[in-house]
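K.L.:
One structure, pasted below without further comment.
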Amino acid sequence: MAKDFIYLDYAASTPVDPRVTERMQECRDSGFANPSSNHVAGRLSRANIARAAEQLAALLNVDPATLIWTSGATESDNLGIAGAARFRSHRGKHLVTLLTEHKAVTDVFRMLEKQGFEVTWLKPADDGRLDPAMLAAALRKDTQLASIMYVNNETGVMQDIEAIGSICREHDVLFHVDAAQAVGKIAIDLQALPVDLLSLTAHKFYGPKGIGALYIADRPGCHVEPILFGGGQQQRIRPGTLPADLIAGLGLAAEIAQSRIDADLDHLNALRRRLWAGIKDIEGVLVNGDIESGFPGILNVSVVDVEGESLLLELEPICVATGSACNSKSQEPSYVLRALGRSDLLAQSAIRFSMGRPTTEHEVELAARRYREAVARLRDLATAAAT
Amino acid sequence: MSDDPYSPLVRKHFANTEHAGDLAGAIAINIDEQGVRLRLSATVKNGRIQSLRFRAWGCPHVIAACEWFCCHYEGEPGESLSGFRASDIMRNLSVPVEKTGRILVLEDAVRSLGQRLGGGSAP
């Protein structure tokens, strides 16, 4: 397929792997029946879903029965957070989360606040990381749930999920993780990690859009109340006819990801090093987050004395993001970068480069060159403009 | 694309800023408001605007608006600047309404420049 752009926005979405497309088409052709039906066609559809559950379960090292299919990470976050908070509300109504979470998380907490829950909003350090001791200090006797994301969608900052989860376990607090940017990209072993609820979506790891999952640990006190009603599917936790073709696509995408996670990470590390090497000596350029400990598929940079929207247009046809894709029409500076202590102007100049499997070294070199040229041109346009 | 936030004219003027720069011995106006920094420079000969230049720190609509202004007012009588309206640029460049404030900054700068030109010609 001929492209007239360079796509460096893999944190927003990834292309569907051709093998996944083929697998979904197979399901559409022969496994289209309602998986709740008891005839032979329905059983075939159910078998496709069961196979996908095993594939995803293998990626996460969990029992397939702990996975609930959803429409994507937003729904998983809603179900995991609101569902768990309501399920445990008779024990207490205090919840904890991070200021730099995705809107799919923060907006659920805002909604719960209006419904009588009390939320403690933790502020990360300037490198974006949460000090687990800060979380420990925020927990109370009535705390029921903490939600901390694995990989930040804007900065690539990775949190210490093991340490945070251990603190939650010690205090009998459920721990939800928005892992939309992590699943299929870094190794996640949920037998080893103290995580109770985990949200994911297929389109971040070369699967289709419109399908995701929520992992719910099989342990006492860990359960969610449904947020949708209308059928008996998935133990009534998430009713609705299951899209067997999308689920099969997610399953195969998970299997492919598992087979090449280390190779993908090596590839992304090399690309990020090359990209950063190409722009790091621009005067006034700053990394948002921590380049050493962050997810290597994301490089978020700000630059002084350059207007962000003009920078984005000048970078065309390089496809990058200024904030999260969900928020990209907003004129507001990124709340994530503001929470990291960036000024409005620096936050507004931020560009998120996110690389993926198909990205080539040639593409990141072109992007680096284009970025340098764009910064130089816009600074020249503004030089000596009013003080 | 139908949902392109930039009209073809905005793209054209943003990409081709032939009037970016300064003019020696010109009358200049500096303004810094609403997240926009502008400098307009003009030279006048026989009551007509001989040359216009701009410097701008702002969004693509602001930069394109500055270039559009310079393209359209070079060669015009100095007093024509008093008739400059932000709404003309908003309409011609299809600037979204939420950016009205930024284009009004340009209008302020143009009017100030007009007053300066009316008060005396460039040396």
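The values are calculated or read from the model by the stated rules, or taken from the named source; none is laboratory data. Keep in mind that what you see is a predicted model, and the values were worked out from it rather than measured. Reconstructed Cβ throughout: ideal geometry from the backbone, glycine too, with neighbour counts over all protein chains shown. What goes into the accessible areas is simple: the full protein's heavy atoms, side chains included, and nothing from ligands, DNA or RNA. Shrake-Rupley method; radii C 1.70, N 1.55, O 1.52, S 1.80 Å.
K.L.:
When the residues of the stretch A:337-387 are filtered to those that are hydroxyl-bearing (Ser, Thr, Tyr), under 18 Å from residue A:302 (Cα atoms) and in contact (Cβ under 8 Å) with a residue 60 or more places away in the chain, which remaining residue is farthest from the other protein chains (Cβ to nearest Cβ)?
P.N.:
Among residues in the stretch A:337-387 that are hydroxyl-bearing (Ser, Thr, Tyr), under 18 Å from residue A:302 (Cα atoms) and in contact (Cβ under 8 Å) with a residue 60 or more places away in the chain, the one farthest from the other protein chains (Cβ to nearest Cβ) is A:354.
K.L.:
What tally of residues in the stretch B:14-30 results from selecting those that are more than 22 Å from residue B:50 (Cβ to Cβ) and aliphatic (A, V, I, L, M)?
P.N.:
Residues that pass the stated criteria total 1.
One line per residue, one yes/no per condition, for (1) within 11 Å of the chain's Cα centre (by Cα); (2) β-branched (Val, Ile, Thr):
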{"position": "B:70", "(1), (2)": "yes, no"}
{"position": "B:79", "(1), (2)": "no, no"}
{"position": "B:86", "(1), (2)": "yes, no"}
{"position": "B:89", "(1), (2)": "yes, yes"}
{"position": "B:102", "(1), (2)": "no, no"}
{"position": "B:105", "(1), (2)": "yes, yes"}
{"position": "B:115", "(1), (2)": "no, no"}
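K.L.:
Which residue is modelled with the lowest pLDDT, if the candidates are limited to the stretch A:304-328 and must be under 19 Å from the mean Cα position of the chain (by Cα) and outside any helix (DSSP H, G or I)?
P.N.:
A:324
K.L.:
Further question: What tally of residues in the stretch A:1-36 results from selecting those that are assigned to a loop (DSSP other than H, G, I, E, B) and open to solvent by 30 Å² or more (accessible area, probe 1.4 Å)?
P.N.:
Count: 10.
K.L.:
Quick check on my filter: what residues within the stretch A:140-176 are within 17 Å of residue A:223 (Cα to Cα), in contact (Cβ under 8 Å) with a residue 60 or more places away in the chain and of a type in the set (A, V, I, L, M)?
P.N.:
The answer is A:145, A:173, A:174.
K.L.:
Please name all residue pairs, on different chains or six or more residues apart, with Cβ atoms under 8 Å, provided the first residue is in the stretch A:65-79 and is assigned to a loop (DSSP other than H, G, I, E, B) and the second residue is surrounded by fewer than 21 Cβ atoms within 10 Å (Cβ to Cβ).
P.N.:
Pairs that qualify, where the first residue is assigned to a loop (DSSP other than H, G, I, E, B) and the partner is surrounded by fewer than 21 Cβ atoms within 10 Å (Cβ to Cβ), are A:71/A:210; A:72/A:209; A:72/A:210.
Residue-wise test of (1) farther than 18 Å from residue A:311 by Cβ; (2) acidic (Asp, Glu); (3) in contact with a helix residue (DSSP H, G or I) (Cβ under 8 Å, 6 or more places away or on another chain).
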site	(1), (2), (3)
B:17	no, no, yes
B:20	no, no, yes
B:29	yes, no, yes
B:36	no, no, yes
B:41	yes, no, no
B:58	no, no, yes
B:64	no, no, yes
B:68	yes, no, yes
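K.L.:
Related question: Can you say whether residue A:116 is free of Cβ contacts under 8 Å to residues at least 60 places away in the same chain and either under 18 Å from residue A:222 (Cβ atoms) or assigned to a strand (DSSP E or B) (or both), as far as the supplied structure shows?
P.N.:
When the stated conditions are applied, residue A:116 does not pass them.
K.L.:
Given (1) part of a loop (DSSP other than H, G, I, E, B); (2) within 22 Å of the chain's Cα centre (by Cα); (3) of a type in the set (Val, Ile, Thr), where does residue A:301 come up short, assuming only one miss?
P.N.:
Condition (1) is where residue A:301 drops out.
K.L.:
A follow-up question, please. Filter the stretch B:70-111 down to residues that are among the hydroxyl-bearing types (Ser, Thr, Tyr), in a helix (DSSP H, G or I) and open to solvent by 40 Å² or more (accessible area, probe 1.4 Å), then give me how many there are.
P.N.:
3
K.L.:
Out of the residues in the stretch B:16-65 meeting the condition of being assigned to a helix (DSSP H, G or I) and more than 9 Å from chain A (Cβ to nearest Cβ), tell me which one is surrounded by the fewest Cβ atoms within 10 Å (Cβ to Cβ).
P.N.:
The residue in question is B:64.
K.L.:
Just need a number here: residues in the stretch A:281-299 that are open to solvent by less than 10 Å² (accessible area, probe 1.4 Å) and either of a type in the set (Ser, Thr, Tyr) or in contact with a Cys (Cβ under 6 Å, 6 or more places away or on another chain) (or both).
P.N.:
Of the residues in that region, 0 qualify.
K.L.:
Can we say residue B:84 is of a type in the set (Phe, Trp, Tyr) and away from chain A (no Cβ under 12 Å)?
P.N.:
yes
K.L.:
Which is at pLDDT 95 or above, of a type in the set (A, V, I, L, M, F, W, C), out of contact with any helix residue (DSSP H, G or I) (no Cβ under 6 Å at 6 or more places or on another chain) and under 14 Å from residue A:353 (Cα atoms), of A:268, A:299?
P.N.:
Residue meeting the stated conditions: A:268.
K.L.:
May I ask you to verify whether residue A:94 is more than 27 Å from residue A:201 (Cα to Cα) and surrounded by 15 or more Cβ atoms within 10 Å (Cβ to Cβ)?
P.N.:
When the stated conditions are applied, residue A:94 passes them.
K.L.:
For residue A:286, are the conditions met, namely being within 19 Å of the chain's Cα centre (by Cα), over 30 Å from residue B:18 (Cα atoms) and in a strand (DSSP E or B)?
P.N.:
no
K.L.:
So, residue A:311, is that one within 21 Å of residue B:63 (Cα to Cα), in contact with a helix residue (DSSP H, G or I) (Cβ under 7 Å, 6 or more places away or on another chain) and within 14 Å of chain B (Cβ to nearest Cβ) or not?
P.N.:
yes
K.L.:
Would you point out which residue out of A:212, A:207 is within 11 Å of residue A:70 (Cα to Cα), of a type outside the set (S, T, N, Q), touching an Asp or Glu at 6+ places or on another chain (Cβ under 8 Å) and touching a residue at least 24 places away in the same chain (Cβ under 8 Å)?
P.N.:
None of the others qualify; the one that does is A:212.
K.L.:
In the list A:133, A:163, A:192, which residue meets the criterion of being hydrophobic (A, V, I, L, M, F, W, C), farther than 24 Å from residue A:340 by Cα, open to solvent by 10 Å² or more (accessible area, probe 1.4 Å) and more than 19 Å from the chain's Cα centre (by Cα)?
P.N.:
A:192
K.L.:
Further question: I need a count of the residues in the stretch A:37-46 that are without any contact (Cβ under 8 Å) to a residue 12 or more places away in the chain and open to solvent by less than 80 Å² (accessible area, probe 1.4 Å).
P.N.:
The number of residues fulfilling the criteria is 3.
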